[in-house]
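Notes follow once the structure below has been shown.
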Amino acid sequence: MTHTTIEVYRGLNAEPLEITVTPDLYPIGYRYSRRDERFILVWKPEGSSRQEIDVHVRVLASVLPNVCASILEGYTAGCVEVTDIQLYRLGFFTGGLYHDNG
């Protein structure tokens, strides 16, 4: 599981507070089409339509370097869990993830 620790500044004379955050993870499928030389990612948001997008190799290498390396080593399909930020950076429409509670 992915954890991130952040430090919260609480004022001049207060000790900073460290908080561990566990982001929500979303499964996406990936495959590489050798015939078309395309990197294809698929995500099915809960309660929404399936999204299938083509991703440029530079974007994939930047956002998911391990997946890119696996594909280039010959693993042409699989599944990986990503954060909402990674979904956005890959090019998925993530508007449905956030709900206004106010």
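The values are calculated or read from the model by the stated rules, or taken from the named source; none is laboratory data. None of these values were measured; they are calculated from a predicted model. Positions of Cβ are generated from backbone atoms using ideal geometry, with glycine treated the same way; all protein chains shown enter the neighbour counts. The protein model used for the area step is the full one, side chains on, heavy atoms only, and it has no ligands, DNA or RNA in it. Shrake-Rupley method; radii C 1.70, N 1.55, O 1.52, S 1.80 Å.
When each of ALA61, ALA69, ALA14 is tested for being among the aliphatic types (A, V, I, L, M), open to solvent by less than 70 Å² (accessible area, probe 1.4 Å) and in a loop (DSSP other than H, G, I, E, B), the lone residue that passes is ALA14. Applying the criterion of being in a strand (DSSP E or B) and among the β-branched types (Val, Ile, Thr) to the residues of segment 17-58, the residue that is most open to solvent (accessible area, probe 1.4 Å) is THR20. For segment 16-28, check the following and say yes or no: at least one residue is of a type in the set (D, E, K, R), closer than 14 Å to LEU87 by Cβ and under 13 Å from the mean Cα position of the chain (by Cα). Checked against the condition, which is being of a type in the set (D, E, K, R), closer than 14 Å to LEU87 by Cβ and under 13 Å from the mean Cα position of the chain (by Cα), segment 16-28 yields at least one hit.
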